[in-house]
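Please read the structure below before turning to the comments.
The values are calculated or read from the model by the stated rules, or taken from the named source; none is laboratory data. None of the values given here were measured: they were computed from a predicted structure. Heads up, the Cβs are rebuilt from the backbone with ideal geometry, glycines too, and the neighbour counts pull from every protein chain shown. These accessible areas exclude ligands, DNA and RNA; they are computed on the full protein's heavy atoms, side chains included. Shrake-Rupley method; radii C 1.70, N 1.55, O 1.52, S 1.80 Å.
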Amino acid sequence: MILKGSQRGNAAQLARHLMNVRDNEHVELYELRGFVAEELDGALLEAEAIARGTRCKQCLFSLSLNPPANADVSVAEFEAAVEMAESRLGLEGQPRAIVFHEKEGRRHAHVVWSRIDGAEMKAVPLPFYKRRLMDVSKELYLTHQWEMPRGLIDQSLRNPLNFTRAEWQQARRVQHDPRLIKAMFQSCWERSDSAGALQNALEEHGYWLARGDRRGHVVVDFRGEVYALARWSGVKTKEVRARLGDPKELPSVEEIRGRIAERMTDQLHRYVQEVDTGYRKLEPSAEFKRLNMVQRHRDERAALEQDQRARWEAETQARSERLPKGLGGLWSRVTGKYAKIRRQNEYEAWQALQRDRAEKDQIISRQLEERRELQTTIDRMRENRAQEVKALNKEIAEYVRMQEERGQSLSEIFGQKAGKEREAKGRDVSRKRGLYRGGDDALEPEL
């Protein structure tokens with residue numbers, strides 16, 4: 001599984017993120033160790049309060065554990081991975097919290113440690129933690145015999161389409177697939193060697209190069225959304241400046257937006273709305289199925305937890321009644337019978353715990369499989385939507401270019417295009433009915 005860690009502060013924000021049920025379908029606070037508080041926000045604030053007695057500003061270490069997409073990983077296997085990472089990082093015995101998240105048919109875990117050693121009141125150092133986590137990740141892939149990502153085998157082969165949370169959110173605003181956007185930007189950058197070549201490559205896809213207020217070189221799409229060129233192309237800002245020169249020579253974002261707005265006719269706006277409307281008609285049905293499935297899964301887990309709690313209490317009561325009491329209890333302690341029964345009770349309690357965990361893992365595995373089937377449909381819908389937006393971007397760019405070259409309005413262009421399509425359609429109908437005559441491909445009417 002992929003392990004990503006970071007040193008950080010702001011305990012309240014981290015707690016809100018980890019317990020966020022809006023963006024995650026299932027959230028489970030699995031473990032709190034070494035804290036007085038019984039809730040995650042209180043535990044992390046507790047660690048932050050202790051850190052105030054030190055000079056440490058980033059008193060927490062946050063780690064995410066992401067197994068392969070279709071892998072069924074049990075709680076025990078997640079715990080083993082956490083213990084391995086904890087040992088390699090030198091955080092043994094430090095207070096920690098474990099939270100499980102589920103979304104889109106995938107389950108992953110988050111672990112947060114307090115870096116503050118309460119006895120010595122200093123932060124635990126974490127030298128080369130990224131390299132150590134990568135070594136742990138490789139071992140986990142080999143142990144579980146999962147197909148190892150190319151980026152773990154050779155860092156030079158890392159996926160260039162990995163994107164940040166900000167990039168993902170920006171792509172969601174325009175209802176586009178961030179992978180396609182980033183691949184397009186990188187392709188345009190790689191096949192251009194000057195500002196003019198890059199501008200031409202971007203315009204083919206419906207994007208225009210502009211001067212940003214703070215980011216230097218930016219790109220604007222037909223909706224007016226602004227993209228940082230360096231970030232989306234996966235290159236450094238100095239590389240962009242070296243190839244494209246001073247951004248002051250480019251038009252501003254507002255100028256580009258105004259230029260696009262002048263050329264966007266009512267008919268073009270209708271085309272954009274048709275794509276959006278068609279997507280929204282399909283999206284509610286899938287979203288309705290998803291919400292119903294998530295609620296049903298939550299109810300199943302709640303019912304299982306209630307049944308297991310009732311059974312655990314009954315079994316605990318039964319084990320407690322085995323222990324001799326009164327004078328018989330004193331005599332059983334002398335003879336060793338009491339210790340024997342107690343060991344048996346402890347073993348049965350451990351077996352019951354393993355049984356309950358196995359039952360929970362089984363129901364989660366089944367639910368994840370069901371959720372993945374629905375996610376396949378949702379992904380296919382998103383892919384179709386992304387392809388429609390991509391095609392629309394190209395068409396708009398082509399229409400804008402045609403208008404600039406010919407000095408025509410977009411309404412005239414659309415009118416010519418629609419007229420030709422009607423004329424061609426009329427000829428086809430005439431041919432089929434045997435009513436069209438003339439030219440080399442004249443047809444005689446059937447008698």
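Quantify how much of the Cα-Cα distance distribution of segment 331-381 extends past 18 Å, in percent. Present the calculation step by step, with values, prior to reporting the outcome.
Values: 776 of 1275 pairs.
Beyond 18 Å sits 61 percent of the P(r) for segment 331-381.
Full extension from ALA339 to ARG357: what is 0.36 nm times the residue separation minus their Cα-Cα distance, to one decimal in nm?
Working: separation 18, 0.36 × 18 = 6.48 nm, distance 2.71 nm.
Difference between extended and current length: 3.8 nm.
For a protection proxy built on the mean count of beta-carbon atoms within 10 angstrom, sort 117-123, 43-49, 362-368, 31-37 highest first, please.
Values: 117-123: 12.4, 43-49: 20.1, 362-368: 17.3, 31-37: 14.4.
Sorting 117-123, 43-49, 362-368, 31-37 by mean packing, highest first, produces 43-49, 362-368, 31-37, 117-123.
Ranked from highest to lowest mean number of other Cβ atoms within 10 Å per residue, what is the order of the peptides 83-95, 304-316? Present the calculation step by step, with values, prior to reporting the outcome.
Details: 83-95: 16.5, 304-316: 12.5.
Those peptides, ordered most packed to least, come out 83-95, 304-316.
Ranking request for peptides 247-258, 101-112: highest mean number of other beta-carbon atoms within 10 Å first, then the rest in descending order. Please report the intermediate quantities before stating the final value.
On the way: 247-258: 15.8, 101-112: 19.7.
With the highest mean Cβ count within 10 Å placed first, the list reads 101-112, 247-258.
Of GLU300, GLU321, which has the most accessible area with a 1.4 Å probe, and how do the rest follow in descending order? Don't skip to the end; give the middle numbers.
On the way: GLU300 50, GLU321 120 Å².
The residues order as GLU321, GLU300, largest area first.
In the calculated pair distance distribution of segment 1-123, what percentage of Cα-Cα distances lie above 19 Å?
Here the tail beyond 19 Å accounts for 46 percent of pairs.
Just reorder ARG179, ARG301 by solvent-accessible area, largest first, 1.4 Å probe, all chains present.
Values: ARG179 125, ARG301 45 Å².
From most exposed to least exposed: ARG179, ARG301.
Please report the spacing between the Cα centers of segment 190-213 and segment 15-53 in Å, no decimals.
Between the Cα centres of segment 190-213 and segment 15-53 lies a distance of 45 Å.
Relative to 2.2 N^0.38 Å, what does the C-alpha radius of gyration of segment 182-262 come to as a ratio? Two decimals please.
Numbers: Rg = 11.4 Å, N = 81, 2.2 N^0.38 = 11.7 Å.
Compared with the compact-globule rule of thumb, segment 182-262 sits at 0.97.
Among the listed pairs LYS103/LYS130; LYS130/LYS236; LYS182/LYS289; LYS138/LYS238; LYS182/LYS248; LYS360/LYS390, which are separated by more than 32 Å between their Cα atoms?
LYS138/LYS238; LYS360/LYS390
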